[in-house]
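Inspection log for the structure reproduced underneath, given as structure tokens.
The values are calculated or read from the model by the stated rules, or taken from the named source; none is laboratory data. Small disclaimer: the values here were computed from a predicted structure and weren't measured. Reconstructed Cβ throughout: ideal geometry from the backbone, glycine too, with neighbour counts over all protein chains shown. With ligands, DNA and RNA removed, areas are computed over all heavy atoms of the protein, side chains included. Shrake-Rupley method; radii C 1.70, N 1.55, O 1.52, S 1.80 Å.
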Amino acid sequence: MRRFVGLLNMLKISQRANKVIASPVRKFLPLMLAAEKRGVKVFKLNVGNPNIAPPPLLLKTIKNYQPLSLDYAPSPGIREHVAAWVLYYKKLKINLKSENIIPTVGGAEAILLSVMAVTDPGDELIVFEPFYASYKGFAAMAGFKLVPVTLRVDNDFALPAAAEIEKKITRKTKAIIVINPNNPTGTVWGKKESQIIIDIANKNNLFVISDETYREIVFEQKPSSILNLPAAKNCAIVVDSASKRFSCPGARIGCIASFNNEIMAAVLKFAMIRLSAPTLEQYGLIPLLKNSTNYTEKITAEYKKRRDAVFNALQKMPGVICQKPQGAFYIIAKLPVDNAENFVKFMLMEFSYNKKTVIVTPAENFYMTPGLGRNEIRIAYVLSVKELKEAMEVLRKGLEKYKAKKQ
Ligand SMILES: Cc1ncc(COP(=O)(O)O)c(C=O)c1O
């Protein structure tokens, strides 16, 4: 028996598994459940799960699926589904061919396959912090290093000068990652910023991985892609997703799109190893990709109202600094607290107002540089305007109480 226990203790999981941090978005789940058990209603502003019904046509198309067997989809995607993506991009004035698009299991797999296609272990990717924290997990899984360029909330998360970005390039740098519209900042970079990034990439022989998961959710601009820029043709790899624009994160469909044939050939090899993206959902999304704007314009108008409700409320809170998001459905707010994680715990463990509290995500884990974002939170505005207004009132009361407690 003792020998058996000894053997068990010798089992070691990989270093890469040890490196992956717990999701900053989900790690407060036990505290949230405990609050709910005490009868406290928790406004959930921590997870970017759209609380909007998906287009009825998606579910209807899936229900009408005819074949009696549920086969693997082809690795390069179901032909009609890929053709629907081709049409979708055509409407954005991007003339991709079928072989320039491979459907993936959500944007998440599109990120994984893209980074695997451009990096070897030890290579470096430049990323603008704060950024979607899952990239850290992908870095640990694939063995590359993320090198951050810092953006600041008090500077509108503006793109630094090209020279500042170029300082981070080494012999090991393979690509620049851009998330546009951005999670967690809500920033939308236009043609000017995209051109600067593409110019840096072309000058230094780098790829650009452009994560455009939230493309349609833009409040002041028109939806666009880095692929609209002619100079992006060879270097850009687009990570795309149906999850947010069609409010269907559970459908698990995204795609990789690139004019670079070598990249597409590499991605196809990976896609064959992982077999295929979901069959039913590829079918379900065909009519929506062919005609997306009816739905996306409606939800974008709704997110804009939510953005305004949250931003206006935050602006009135003493000591809170934030920038008006131009897209996606997130906002970063700097709070007048020493440590946002302690504040989030306080909100869940000690505080309630009229038996209500709020869960948000501390922003520290969206940064690479230690110490940055310690007094910042990310709010996902994924509730109705009415609920968001109430949640902001609860947040304001919570901040007052927290400050009083600290004095
Ligand atoms: C910036 C960004 N990229 C990719 C994803 C992955 O989304 P999915 O795999 O559902 O397409 C998310 C999800 O929140 C995201 O915010």
Quiz item: Does at least one position in segment 157-167 carry a residue that is in a loop (DSSP other than H, G, I, E, B) and open to solvent by 50 Å² or more (accessible area, probe 1.4 Å)?
Solution: yes
Self-check item: Criterion violated by Thr213 - all others in (1) touching a helix residue (DSSP H, G or I) at 6+ places or on another chain (Cβ under 9 Å); (2) free of Cβ contacts under 8 Å to residues at least 24 places away in the same chain satisfied
Solution: (2)
Quiz item: Does at least one position in segment 143-156 carry a residue that is open to solvent by 10 Å² or more (accessible area, probe 1.4 Å), touching a helix residue (DSSP H, G or I) at 6+ places or on another chain (Cβ under 7 Å) and free of Cβ contacts under 8 Å to residues at least 40 places away in the same chain?
Solution: yes
Quiz item: Quick check: anything in segment 125-136 open to solvent by 30 Å² or more (accessible area, probe 1.4 Å), of a type outside the set (S, T, N, Q), closer than 19 Å to Ile169 by Cα and within 16 Å of the ligand (Cβ to nearest atom)?
Solution: yes
Quiz item: So which residues in segment 101-124 are closer than 16 Å to Leu289 by Cα and more than 11 Å from the ligand (Cβ to nearest atom), if there are any at all?
Solution: Ile101, Ile102, Pro103
Practice problem: Might you let me know whether segment 11-27 holds any residue that is open to solvent by 90 Å² or more (accessible area, probe 1.4 Å) and under 26 Å from Tyr303 (Cβ atoms)? | Solution: yes
Practice problem: Could you list, in sequence order, all residues of segment 28-66 that are within 15 Å of the ligand (Cβ to nearest atom), open to solvent by 50 Å² or more (accessible area, probe 1.4 Å) and closer than 27 Å to Tyr283 by Cα? | Solution: Asn49, Asn51
Exercise. Only residues in segment 354-366 that are open to solvent by less than 10 Å² (accessible area, probe 1.4 Å) count as the first member; pair them with residues that are modelled with pLDDT of 95 or more and basic (Lys, Arg), Cβ under 7 angstrom, at least 6 apart or cross-chain, and list the lot.
Key: Ile359/Lys44; Val360/Arg378; Thr361/Arg378; Ala363/Arg378; Phe366/Arg378
Exercise. For segment 184-261, please list each of the strands (runs of 3 or more DSSP E) lying entirely inside it that holds at least 2 residues being within 16 Å of the ligand (Cβ to nearest atom), touching a His at 6+ places or on another chain (Cβ under 8 Å) and over 22 Å from Leu59 (Cα atoms).
Key: none
Self-check item: Breaking point among (1) more than 19 Å from Met264 (Cβ to Cβ); (2) within 14 Å of the ligand (Cβ to nearest atom), for Met141
Solution: (2)
Quiz item: Restricting the search to segment 381-407, which residues are without any contact (Cβ under 8 Å) to a residue 24 or more places away in the chain and under 26 Å from Thr300 (Cα atoms)?
Solution: Lys386
Practice problem: Filter segment 334-353 for residues that are open to solvent by less than 10 Å² (accessible area, probe 1.4 Å) and touching a residue at least 60 places away in the same chain (Cβ under 8 Å) and give the result. | Solution: Leu335, Val344, Leu348
Practice problem: Tell me, please, whether a residue that is of a type in the set (S, T, N, Q), touching a Pro at 6+ places or on another chain (Cβ under 8 Å), in a helix (DSSP H, G or I) and surrounded by fewer than 24 Cβ atoms within 10 Å (Cβ to Cβ) can be found in segment 296-304. | Solution: yes
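Being of a type in the set (Val, Ile, Thr), in the same structural domain as Ser69 (by TED's automatic domain parsing) and buried (at least 24 other Cβ atoms within 10 Å of the Cβ) narrows it down to one of Ile273, Ile226, Ile286, so name that one.
Selected residue: Ile226, the only one of Ile273, Ile226, Ile286 that is of a type in the set (Val, Ile, Thr), in the same structural domain as Ser69 (by TED's automatic domain parsing) and buried (at least 24 other Cβ atoms within 10 Å of the Cβ).
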Exercise. Any chance you could count how many residues in segment 168-181 are open to solvent by less than 20 Å² (accessible area, probe 1.4 Å) and in a loop (DSSP other than H, G, I, E, B)?
Key: 1
Quiz item: Among (1) closer than 19 Å to Gly250 by Cα; (2) surrounded by 13 or more Cβ atoms within 10 Å (Cβ to Cβ); (3) not β-branched (Val, Ile, Thr), where does Ala117 come up short?
Solution: (1)
